[in-house]
Amino acid sequence: MNLKKLEKELRKKYGSRFTVSESEGVRTVSGESGDWNEIISVCSSAVDKKHGVHVVNDIKFTGAPVPAMRLPSLRDNALDGAQPDVLIIGGGISGASIARELSKWDIDILLVDKESDLAMQASGRNDGEVHPGIDLSKGSLKHKYIIRGNRMYGKVCEELNVPFKRCGQYVCFEQAYLKPVIAIYTLKRKLIDGIDDSVLISGKELKKREPNFNKSFKFAIYNPMAGCVCPYGLTIAYGENAVMNGAKISLNTAVTDMKVENGKIVSVTTNRGIIRPKIVINAAGVFAEDIAKMACDRFYSIHPRRGTNSILDKKAGGLMSSIASIKKLEFSNSHTKGGGLLNTVHGNILAGPDAVETYEKENFATHRESIQNVFGKQKGTAPALTERDIITYFTGVRAPNFEEDFVIEKGRKTSNLIHCACIQSPGLTTAPAVALDIEKMAVEMLGNVKKKENFNPIRKGVPVLRDMSPEERDALIKQNPDYGEIVCRCEEISKGEIIDALNSPLCVPTVDGIKKRLRPGMGRCQGGFCSPLVTKIIAEHQGIPVSQVRKSGADAVITYGKTKGGESL
Amino acid sequence: MKYDAAVIGGGPAGLAAAIEAHKNGAKVILIEREARLGGILKQCIHDGFGLVRFGKKLSGPEYAEIFIDEFEKENIESLLLTFVTGIKKTGDGFEISFVNRSGADKIESNTIILATGCRERTAKQVSIHGTRPSGVFTAGTAQNFTNLLGELPVKKCVILGSGDIGLIMARRLTLEGAQVLGVYEAKPTPSGLTRNIHQCLHDYDIPLYLSHTVTKVFGDDRLTAVEISRVDEKMQPIPGTETIVECDGLILSVGLIPENELAESLGVKLDPATKGPSCDGSLMTGIEGVFSCGNALHVNDLVDYVSESGEQAGRAAAHYSAAKRNYISLKAENGLLYMVPQRLDLEADNSAVTVYFRSREELGKCTLKIKCGEKTIVEKKYQFMRPPEMERLTVDFSGADGDITAEIEVTEK
């Protein structure tokens with residue numbers, strides 16, 4: 001809608017409470033509101049995709065104090081004076097994949113993340129679906145990258161030794177009369193949008209493939225190119241491969257300020273010293289807008305949207321083997337995902353996520369209602385689904401802008417900046433393709449850089465003994481007896497694998513760090529049996545007392561030191 | 001070489017089973033996941049073990065030691081620090097695959113005795129929401145940190161659930177100088193043994209709050225507080241009753257689940273009431289040659305009975321031979337939570353069958369009635385019955401010729 005019409009609408013609806021101005025392709029909405037959902041609807045109504053303007057939210061939220069970005073407690077000068085060619089801010093799937101692609105070049109790369117590991121926010125808190133793009137129309141950046149990203153997964157996951165399966169996705173319908181409409185819809189997707197893998201299958205065929213689905217499904221769209229991956233596993237693998245190729249990753253490192261002179265970032269302040277990079281890549285997830293602001297290049301706004309997923313016991317894994325969701329008549333409603341069901345690469349069923357707007361970027365708390373909501377919906381897909389099989393649940397916060405599309409471009413006012421921002425679903429799917437484009441932009445921006453001769457795209461992960469034949473397993477144990485000592489009984493993980501992870505290119509010696517790399521603690525006992533053992537192995541490997549081992553962040557203390565006169569056995 | 005009996009698990013049930021099978025002439029091997037025998041008893045340094053069996057109060061390690069000494073004296077074979085990766089039925093027995101520091105290997109055995117114990121229910125299984133900080137432990141994990149690693153897991157904590165391990169840990173942590181703010185129990189009655197309520201809570205002035213539960217945890221890194229809610233008679237939190245308690249630890253003692261993943265992989269059917277295998281009078285599961293005992297069979301509250309069931313299974317495995325069975329069911333009905341065993345073989349000697357059972361709720365004067373059709377087999381009066389306190393009885397079933405039912409008749413609520 002054009003500006004005049006928008007102003008009129010806002011006046012009609014809200015009186016003079018909100019004003020909107022437009023300059024240089026940016027619509028800025030101002031005012032004050034105590035209702036976060038009101039702010040979302042005001043800003044959303046300002047979106048004008050036709051003219052490609054971005055919406056910036058300057059409405060003051062008075063409903064509750066908005067928490068400041070959580071900062072690591074670490075303070076040192078480890079990075080002071082560093083002059084990397086490229087500084088990547090954010091260690092999610094975007095930042096890590098960009099670091100890896102850029103590590104082909106003979107340049108200094110520094111990736112910083114404020115958390116204690118990679119993939120600690122959205123990239124570690126999603127369902128891991130590699131989307132087929134069936135819901136995307138031509139014209140958006142999401143659509144531009146989806147096919148390329150999706151098709152790259154086989155190769156990328158092979159190079160990085162990350163489990164990936166193309167298990168296919170079913171979008172299921174209960175109403176037979178919708179079939180002609182959906183047939184036209186998929187044909188349009190194929191002919192106009194290039195999403196060419198979809199086929200319609202009958203209810204009978206669906207029943208044959210997924211016998212535990214709702215018997216009243218009359219037909220389904222089948223997208224064979226859909227798949228799933230372990231999202232944090234892939235992020236860590238990208239990061240490790242970047243480190244193998246010379247990139248530096250500094251965790252517990254937060255960007256708190258920038259100095260911009262003549263449209264150029266000259267220095268970046270962190271809790272570990274001041275960095276003077278040639279160029280900066282903003283891949284800061286929910287904080288990308290804050291980074292853009294520091295860089296004097298804010299032209300989009302992020303409205304956090306949280307979602308909760310539940311993970312089921314592997315015993316319930318036989319319920320289904322693919323990805324599925326039930327669809328009613330709500331195709332245009334692109335971002336209110338009711339979630340779905342997905343059988344992960346590790347054989348657990350994952351249910352969710354829901355979608356709730358929030359002003360809190362880092363509140364990962366779960367809520368009873370989210371689980372009830374998701375299960376209520378998903379029992380429509382697989383009636384035998386039950387909350388009793390839940391072993392854990394988690395919340396992630398997505399980073400959409402009001403346009404609900406990615407921002408992947410060079411800085412508009414700041415010349416040595418690249419934005420890889422507003423990445424939400426299907427950002428995991430598109431990441432491999434986006435990283436290649438950002439690599440191009442960065443190389444162009446740097447000018448005169450050479451490719452490395454010895455770039456190694458192959459990352460070998462820690463061997464997964466539980467998936468091996470007895471002969472392979474025996475051979476490995478003969479080489480290293482630690483592989484024969486099982487520490488995590490639920491997921492069958494050995495001491496040797498844990499020590500390998502501690503010796504990996506990006507060592508994160510915390511209980512959660514090991515958990516994300518290998519899965520001890522992700523099984524049905526949730527670490528009840530193995531967490532003391534894992535803690536002890538970390539302490540021994542690092543040469544520190546048990547009380548100095550952390551769950552994740554620096555303050556996530558596990559024990560408070562020796563008991564009265566206690567000597568450990 | 002083929003064994004007569006392979007015992008999986010070297011805790012009290014497995015040790016007793018192995019010793020008894022060996023004494024009955026079987027060639028036995030015991031496989032234990034950890035480096036040392038004794039199972040969970042290793043970390044149970046409090047006393048109270050062995051009152052029934054030995055007539056004295058022993059600590060967990062002392063109790064285990066009696067069996068370990070005998071096991072070693074009898075020179076029974078064992079594989080320690082060995083993890084069973086799978087069990088397969090073969091033509092006339094079982095093939096057990098395992099890994100240990102020497103490699104991946106397998107053995108064969110005519111029978112299997114599953115003595116795999118149980119695991120603890122977790123925070124997410126009792127629907128606790130909020131963040132995921134450190135400082136949330138199951139009671140057994142906290143006990144491991146405290147007693148085996150010698151590390152203090154909390155300084156100021158709340159305990160959810162009045163199961164025995166929770167009560168024991170309330171006392172243990174208090175003795176270590178931690179502050180235990182209270183024990184919260186969602187049920188209207190305590191879940192642990194009466195003696196533990198007295199010895200672990202009352203003696204240390206630790207309050208017990210019934211019909212309360214933890215609904216939320218707070219803290220981004222370490223736990224900073226928990227939200228407590230009152231619950232209704234269906235144990236659902238009542239909105240508006242929330243209070244916040246500041247603490248750095250939450251210890252969960254919210255139930256134990258028999259570990260039967262290996263059993264299930266063999267096709268063993270579980271009893272939904274016990275979550276352990278449904279067994280006959282010799283503690284043989286629904287799969288010929290596979291026996292179950294201890295906490296894998298059903299959660300016990302006294303180790304003495306864990307050993308007893310281990311011995312029963314060990315004896316039965318030693319004398320096992322494939323035979324035609326003529327099963328009748330033993331059903332726990334009115335007033336009973338469960339009864340083990342769940343069936344009897346009419347071809348077997350049923351003159352002295354040990355049955356274990358629990359009532360569904362706290363009862364005053366009541367009568368246990370076991371009947372076969374119209375025929376009364378047992379009629380026994382009790383002064384009271386409480387679900388946390390398992391009952392045990394030896395019954396002569398030799399007169400039974402059809403399905404059996406057991407029920408409780410209440411004379412006084």
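Modelled spin-label separation between residue B:77 and residue A:458, with each label point placed 7 Å from Cα along the Cα-to-Cβ direction: 4.2 nm.
Helix B:164-175 and the longest principal axis of the C-alpha atoms of chain B enclose an angle of approximately 50°.
The C-alpha atoms of chain B define a longest principal axis, and helix B:12-23 lies at about 20 degrees to it.
Averaged per residue, what accessible area in Å² does the protein assembly as shown show with a 1.4 Å probe, protein chains only?
40
Using the Cα gyration tensor of chain B, with a ≥ b ≥ c the square roots of its eigenvalues, what is the shape: rounded (a/c below 1.5), prolate (a/b larger than b/c) or oblate (neither)? Judged from the Cα gyration tensor, chain B comes out oblate (a/c at least 1.5, b/c at or above a/b). Per-residue surface analysis assigns residue A:105 an accessible area of about 40 Å², computed on protein heavy atoms at 1.4 Å probe radius. Left without a cysteine partner by the 4.7 Å Cβ rule in chain A: A:43, A:157, A:167, A:172, A:228, A:230, A:296, A:420, A:422, A:490, A:507, A:525. A straight chain from residue A:256 to residue A:26 at 0.36 nm per residue would run longer than the Cα-Cα distance by 80.3 nm. Shown for the range B:288-413: lysine pairs separated by 8 or more places, or found on different chains, whose C-alpha atoms are under 25 Å apart, numbering 20. When the other protein chains are added to the chain by itself, burial of at least 20 square angstrom of heavy-atom accessible area (probe 1.4 Å, ligands and nucleic acids ignored) affects these residues of the range B:107-144: B:119, B:122, B:124, B:125, B:127, B:129, B:130, B:131, B:132, B:134, B:141, B:144. Using a Förster distance of 51 Å, how high is the FRET efficiency between residue A:479 and residue A:212, based on the Cβ-Cβ distance and rounded to 0.05? Working from the Cβ atoms, E equals 0.75.
The alpha carbons of chain A stretch over 75, 65, 54 Å along the principal axes, in descending order.
Output the pairs from A:60/A:328; A:60/B:124; A:12/A:49; B:42/B:89; A:4/A:60; B:216/B:269 with a Cα-Cα distance over 25 Å in this structure; if there are none, say none. Long pairs (Cα-Cα over 25 Å): A:60/A:328; A:60/B:124; B:42/B:89; B:216/B:269.
By its C-alpha gyration tensor, with a ≥ b ≥ c as the square roots of the eigenvalues, how is the range B:162-253 shaped: rounded for a/c under 1.5, else prolate for a/b larger than b/c, else oblate? Spell out each step's value before the answer.
Working: a/c = 2.30, a/b = 1.16, b/c = 1.97.
Judged from the Cα gyration tensor, the range B:162-253 comes out oblate (a/c at least 1.5, b/c at or above a/b).
Interface between chains A and B: roughly 4700 Å² of accessible area buried, both sides summed (probe 1.4 Å, protein heavy atoms only). Relative to the isolated chain, which residues of the range A:523-550 have their accessible area cut by 10 Å² or more in the presence of all protein chains (1.4 Å probe, heavy atoms, no ligands or nucleic acids)? Flagged in the range A:523-550: A:524, A:525, A:526, A:528, A:529, A:531, A:532, A:536, A:546. The calculated Kirkwood hydrodynamic radius for the range B:1-94 is 14.0 Å, given to one decimal from all distinct C-alpha pairs.
Looking at the protein assembly as shown, the DSSP beta bridges with both ends there are about 65 percent antiparallel.
A Cβ-based charge dipole, computed about the Cα centre of the range A:342-481 with Lys and Arg at +1 and Asp and Glu at -1, lands at about 440 debye.
Charges were assigned to the Cβ only: +1 to each Lys and Arg, -1 to each Asp and Glu. The resulting dipole of the range B:70-123 about its Cα centre is roughly 360 debye. If you sort A:51, A:367, B:129, B:198 by accessible surface, 1.4 Å probe, largest first, the order is A:51, B:198, A:367, B:129.
The modelled label-to-label distance between residue A:202 and residue B:243, using points 7 Å beyond Cα along the C-beta direction, is 6.4 nm. Each Lys and Arg Cβ is given +1 and each Asp and Glu Cβ -1; about its Cα centre, chain A then shows a dipole of about 1280 debye. Take every pair of alpha-carbon atoms less than 8 Å apart whose residues are at least six positions apart; their mean separation over the length of chain A yields a relative contact order of 17 percent. Ignoring ligands, DNA and RNA, what percent of the 1.4 Å accessible area of the protein assembly as shown is carbon and sulfur? The nonpolar share, carbon plus sulfur, comes to 50 percent.
Relative to the longest principal axis of the Cα atoms of chain B, helix B:303-318 runs at roughly 20 degrees. Here r is the Cβ-Cβ distance between residue A:66 and residue A:11 and R0 is 22 Å; the resulting FRET efficiency, rounded to 0.05, is 0.25. Largest first, the residues B:87, A:544 sort by 1.4 Å accessible area into A:544, B:87.
At R0 = 45 Å, how high is the FRET efficiency between residue A:469 and residue A:77 if r is their beta carbon distance? Nearest 0.05 is fine.
Plugging the Cβ-Cβ distance into 1/(1 + (r/R0)^6) gives 0.35.
So what is the relative contact order for the range A:55-193, in percent, with contacts set as C-alpha pairs under 8 Å and at least six apart? 16 percent. Near residue A:413, which lysines are there with a Cα under 19 Å away, not counting those fewer than 8 places off in the same chain? Those lysines meeting the cut-off are A:259, A:264, A:278, A:293. Applying both filters, DSSP loop and at most 12 other Cβ atoms within 10 Å, to the trypsin sites (Lys or Arg not before Pro) of the range A:81-182 gives A:138. Evaluating 6.51 cos²θ - 1.76 cosθ + 1.60 at θ = phi - 60° for every residue in the range B:41-58, the Karplus couplings come out as 4, 3, 9, 8, 7, 6, 9, x, 8, x, 4, 6, 7, 10, x, 9, 8, 10 Hz, glycine and proline recorded as x.
For the range A:186-273, the list of trypsin sites (Lys or Arg not before Pro) that fall in a loop by DSSP and count at most 12 other C-beta atoms within 10 angstrom reads A:215.
Could you work out the relative contact order of chain B? I mean the mean sequence separation of Cα pairs under 8 Å and 6+ apart, divided by the number of residues, in percent.
Details: 1050 pairs, mean separation 64.1, N = 413.
Reported relative contact order: 16 percent.
Of the trypsin sites (Lys or Arg not before Pro) found in the range A:35-92, those in coil by DSSP whose Cβ has at most 15 other Cβ atoms within 10 Å are A:49, A:50, A:70, A:75. Modelled spin-label separation between residue B:233 and residue B:65, with each label point placed 7 Å from Cα along the Cα-to-Cβ direction: 5.1 nm. To the nearest Å, what is the center-to-center distance of the range B:146-188 and the range A:420-481, using C-alpha atoms only? After rounding, the separation between the Cα centres reads 45 Å. Binning all Cα-Cα separations of the range A:398-444 at 5 Å, short to long from zero, yields these whole-percent fractions: 5, 21, 29, 23, 16, 5.
The values are calculated or read from the model by the stated rules, or taken from the named source; none is laboratory data. Nothing here was measured: the structure is a model prediction, and the numbers come from that model. Because the Cβ atoms are built from the backbone with ideal geometry, glycine has one as well, and the counts that use them run over all protein chains shown. With ligands, DNA and RNA removed, areas are computed over all heavy atoms of the protein, side chains included. Shrake-Rupley method; radii C 1.70, N 1.55, O 1.52, S 1.80 Å.
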